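The values are calculated or read from the model by the stated rules, or taken from the named source; none is laboratory data. Note that the structure is predicted; figures quoted are calculated from it, not measured. Quick reminder, even Gly has a Cβ in these numbers, built from the backbone with ideal geometry, and neighbours come from all protein chains shown. Side chains included, ligands, DNA and RNA excluded: accessible areas come from the protein's heavy atoms. Shrake-Rupley method; radii C 1.70, N 1.55, O 1.52, S 1.80 Å.
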Amino acid sequence: GHQEQAATALAKFMSKLDTATHPDEICLVAAEISSQLEQYDQTQLFLDQCSDQDERKQVMSALLAFYQSDFESAKKYLSTVIGTDCLNLSLKQELLEAMANDN
């Protein structure tokens with residue numbers, strides 16, 4: 001419930017690390033907080049620092065595209081994680097249905 005405080009604390013912590021050493025976990029948490037604060041450019045910057053092999057990056061990218069009403073990109077990202085344990089099936093289905101209803 002205190003996203004602004006969390007974002008500030010996380011930004012201070014990350015500023016002390018070399019950008020190349022930011023683990024995916026930190027970047028994903030930062031991306032999640034940024035997206036909740038509707039700071040989508042910042043969210044994308046954090047996602048860009050994550051490994052492309054990390055399925056959580058694909059899920060966050062799908063959510064980011066969804067928040068920005070880019071439903072085609074959201075579907076593309078979600079299709080890369082369908083069938084994995086990264087995102088539970090009911091949530092995937094719920095997102096896909098919401099996108100279908102908005103199109």
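Suppose the filter is among the hydroxyl-bearing types (Ser, Thr, Tyr), at pLDDT 80 or above and more than 22 Å from Ala100 (Cβ to Cβ); does Thr43 pass it? Before you say what the answer is, go through the steps one by one.
Working: among the hydroxyl-bearing types (Ser, Thr, Tyr): yes; at pLDDT 80 or above: yes; more than 22 Å from Ala100 (Cβ to Cβ): yes.
Yes.
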Every residue in the stretch 64-75 that is more than 11 Å from Ala98 (Cβ to Cβ) and touching a Ser or Thr at 6+ places or on another chain (Cβ under 9 Å), please.
Leu64, Ala65, Tyr67, Ser73
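Quick one: in the stretch 1-34, of everything that is of a type in the set (Asp, Glu) and under 16 Å from the mean Cα position of the chain (by Cα), which residue is modelled with the highest pLDDT? Even if it seems obvious, please write down each step before you answer.
To start, the set of residues in the stretch 1-34 that are of a type in the set (Asp, Glu) comprises 4, 18, 24-25, 32.
Then drop every residue that is not under 16 Å from the mean Cα position of the chain (by Cα), which leaves 24-25, 32.
Values: Asp24: 80, Glu25: 80, Glu32: 84.
Taking the candidates together, the pick is Glu32.
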Taking into account only those residues within the stretch 48-103 that are in contact with a Lys or Arg (Cβ under 7 Å, 6 or more places away or on another chain) and open to solvent by less than 30 Å² (accessible area, probe 1.4 Å), which is modelled with the highest pLDDT?
Cys50
